[in-house]
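Q: Have a look at the structure that comes next, please.
The values are calculated or read from the model by the stated rules, or taken from the named source; none is laboratory data. In this text the structure is predicted, and so the values were computed from the model without any measurement. Heads up, the Cβs are rebuilt from the backbone with ideal geometry, glycines too, and the neighbour counts pull from every protein chain shown. Ligands, DNA and RNA are stripped out before the accessible areas are found, and what is left, the full protein with its side chains, is counted by its heavy atoms. Shrake-Rupley method; radii C 1.70, N 1.55, O 1.52, S 1.80 Å.
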Amino acid sequence: MTDPVLLWLREDLRFDDNPAMRAAAATGQPVACVFVLDDDTPGEMKMGGAQRWWLHHSLTAFSEDLKTREGALILRRGDARHIIPQLAEELGASDVFWNRRYMRWQTEADSDIKKELKDAGRGAESFNGRLLYEPWEIETKSGDPYRVFTPFWKNLQAKGEVREALPRVDKLTAPSSLPSSDRLEDWDLLPTRPDWATGFAPVWSPGEKGARARLREWLKNEAARYKDTRNRPDLDETSRLSPHLHFGEISPVTIWHDVQAGIKAGDIPADQGHTFLSEVAWREFSYHLLYYQPQMTEEPLQEKFADFEWDTDETALTAWQKGLTGYPIVDAGMRQLWQTGWMHNRVRMIVASFLIKDLLIHWREGMAWFWDTLVDADQANNTASWQWVAGCGADAAPYFRIFNPTTQGEKFDPDGDYIRKFVPELSRLPAKYIHDPSNAPKDVLKEAGIRLGETYPAPIVDHKKAREDALSRYQSIK
Ligand SMILES: Cc1cc2nc3c(=O)[nH]c(=O)nc-3n(C[C@H](O)[C@H](O)[C@H](O)COP(=O)(O)OP(=O)(O)OC[C@H]3O[C@@H](n4cnc5c(N)ncnc54)[C@H](O)[C@@H]3O)c2cc1C
């Protein structure tokens with residue numbers, strides 16, 4: 001009888017362009033697939049609530065697709081350091097395959113596991129299934145990692161053609177007898193009391209088919225205008241591929257080639273397509289940064305910021321989290337996040353700037369809230385982006401560039417449609433006042449049914465004064 005191989009699935013729940021899966025299938029041996037819900041590896045960021053919702057649906061979709069390929073998925077919960085070698089032993093697997101991950105706690109765990117498997121006489125092979133280029137494949141002329149995006153992006157483009165996407169795996173025959181598996185329902189990934197995720201299902205279709213459909217629709221309807229509309233939360237024309245990318249339901253290689261094909265065919269103007277690809281490259285840059293600077297999840301990359309004096313204000317933090325700051329664009333963003341598990345990039349920047357610079361609350365608090373509430377929460381992107389807004393990261397917006405939430409709203413949501421959607425109590429305010437209700441005449445407020453401080457909060461801080469405070473705090477560390 002042929003020994004089986006073990007395919008360890010992580011953030012790569014797809015059959016298209018999956019290098020580890022291709023390698024497992026190519027052995028011609030039976031393939032046992034396993035997914036480990038690992039909340040236990042030391043140093044690991046436990047998966048947040050919104051992502052658990054996504055994971056439940058993504059695993060359901062993957063498992064169904066796997067059955068049509070004669071495969072079966074084993075679910076296990078616990079520390080992968082113990083589970084993977086143990087499962088390989090139970091199965092008598094000759095080899096174990098997986099796609100690499102890049103955060104320090106992940107790479108450390110993976111090397112330990114690889115060693116243990118090899119010590120036990122098994123093959124253990126890992127692949128790049130997550131990035132266009134792995135962090136060490138892009139380096140400066142002197143061999144150092146990058147800290148500035150533009151030269152990183154130039155280098156990435158100069159590397160020549162991104163490798164072709166691998167063909168889909170159509171068959172992954174499971175061994176005739178399989179070790180026990182947890183039941184997905186027993187993992188309790190879905191919220192119940194209360195079910196705060198009711199707004200997620202109408203917006204998202206987790207799973208590879210959902211990812212492919214999303215990419216197709218976006219390429220057909222919106223990609224051609226990406227550069228022009230990407231900053232407009234009211235138009236909502238960005239790809240929304242981020243959670244699919246995070247869970248590996250689609251690969252960046254596939255996205256890259258589909259966009260390039262659209263450019264070549266003349267369906268996407270080159271400047272619009274390239275702007276989009278440069279955003280995909282920001283994801284690569286974030287991975288590059290975190291791979292070389294793993295301390296970034298805790299510490300500012302620019303060391304002088306370690307001395308910055310942050311405020312602790314639970315009331316203000318809660319108002320921010322709940323979307324009750326009295327600044328409509330901030331509140332709309334925070335409520336979009338709570339209701340749908342996602343927020344438009346421009347608004348992420350506005351709400352992050354507000355927390356860090358208007359409320360002087362540590363970026364780590366914001367990062368933690370995003371971690372729990374975003375369906376696309378990603379340690380590399382989330383950390384690098386929070387540090388970028390805080391001005392303490394790589395190639396960051398300077399700290400003294402402080403967003404004015406009112407003018408940002410006026411500029412990027414000119415008619416107030418985004419605010420009307422997520423802050424319905426302001427929906428009857430005319431566009432002229434919707435970004436700054438506290439300056440609306442009394443009769444206008446009355447007409448719109450708004451009582452400031454009752455139906456909608458008055459601003460929790462005065463932006464002008466908050467800005468001055470932030471700048472003087474910044475002076476003290478300069
Ligand atoms: C404070 C803050 C926190 C963030 N946290 C996350 C996070 O946890 N996970 C996450 O995926 N993104 C994060 N981002 C980046 C960005 O907001 C999202 O990737 C983007 O909004 C996702 O929507 P989209 O797929 O429609 O993006 P599109 O505009 O369609 O871009 C396509 C893809 O490119 C990548 N991308 C786009 N913008 C960025 C960026 N600025 N940095 C890195 N990659 C980018 C994403 O993978 C995205 O799916 C954060 C940004 C900020 C300002």
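Q: Restricting to segment 108-159, name every residue that is assigned to a strand (DSSP E or B) and either over 30 Å from GLU90 (Cα atoms) or under 26 Å from the mean Cα position of the chain (by Cα) (or both).
A: Residues satisfying the conditions are SER126, PHE127.
Q: Based on what the data block shows, is VAL351 under 20 Å from ARG473 (Cα atoms), open to solvent by 10 Å² or more (accessible area, probe 1.4 Å) and over 11 Å from the mean Cα position of the chain (by Cα)?
A: no
Q: Determine whether segment 86-94 contains at least one residue that is closer than 27 Å to VAL375 by Cβ and out of contact with any Lys or Arg (no Cβ under 9 Å at 6 or more places or on another chain).
A: no
Q: Looking at LEU235, LEU219, LEU156, which is the one that is without any contact (Cβ under 8 Å) to a residue 60 or more places away in the chain, within 16 Å of the ligand (Cβ to nearest atom) and either farther than 30 Å from ARG69 by Cβ or surrounded by fewer than 19 Cβ atoms within 10 Å (Cβ to Cβ) (or both)?
A: The match here is LEU235.
Q: Which ones in segment 89-107 are over 19 Å from GLY129 (Cβ atoms) and surrounded by 18 or more Cβ atoms within 10 Å (Cβ to Cβ)?
A: The answer is LEU91, ALA93.
Q: Quick one: in segment 448-478, which of the residues that are open to solvent by less than 30 Å² (accessible area, probe 1.4 Å) and part of a helix (DSSP H, G or I) is modelled with the lowest pLDDT?
A: Once the filter is applied, the top-ranked residue is TYR474.
Q: Here are the criteria: (1) open to solvent by less than 30 Å² (accessible area, probe 1.4 Å); (2) without any contact (Cβ under 8 Å) to a residue 24 or more places away in the chain. Tell me which single one GLN86 does not satisfy.
A: (1)
Q: Of the conditions (1) within 15 Å of the ligand (Cβ to nearest atom); (2) in a helix (DSSP H, G or I); (3) buried (at least 18 other Cβ atoms within 10 Å of the Cβ), ILE263 satisfies every one except a single condition; which number is it?
A: So the condition that ILE263 fails would be (1).
Q: Just for segment 272-320: of the residues that are within 11 Å of the ligand (Cβ to nearest atom) and among the charged types (D, E, K, R), which one is surrounded by the most Cβ atoms within 10 Å (Cβ to Cβ)?
A: GLU284
Q: Another question about this same structure. For segment 180-204, what are the residues that are modelled with pLDDT under 95 and surrounded by 14 or more Cβ atoms within 10 Å (Cβ to Cβ)?
A: Scanning segment 180-204 gives PRO191, TRP196, ALA197.
Q: Now for a different question. Between PRO457, PRO405, PRO424, PRO441, which is touching a Phe, Trp or Tyr at 6+ places or on another chain (Cβ under 6 Å) and not aliphatic (A, V, I, L, M)?
A: One residue alone meets the criteria, PRO405.
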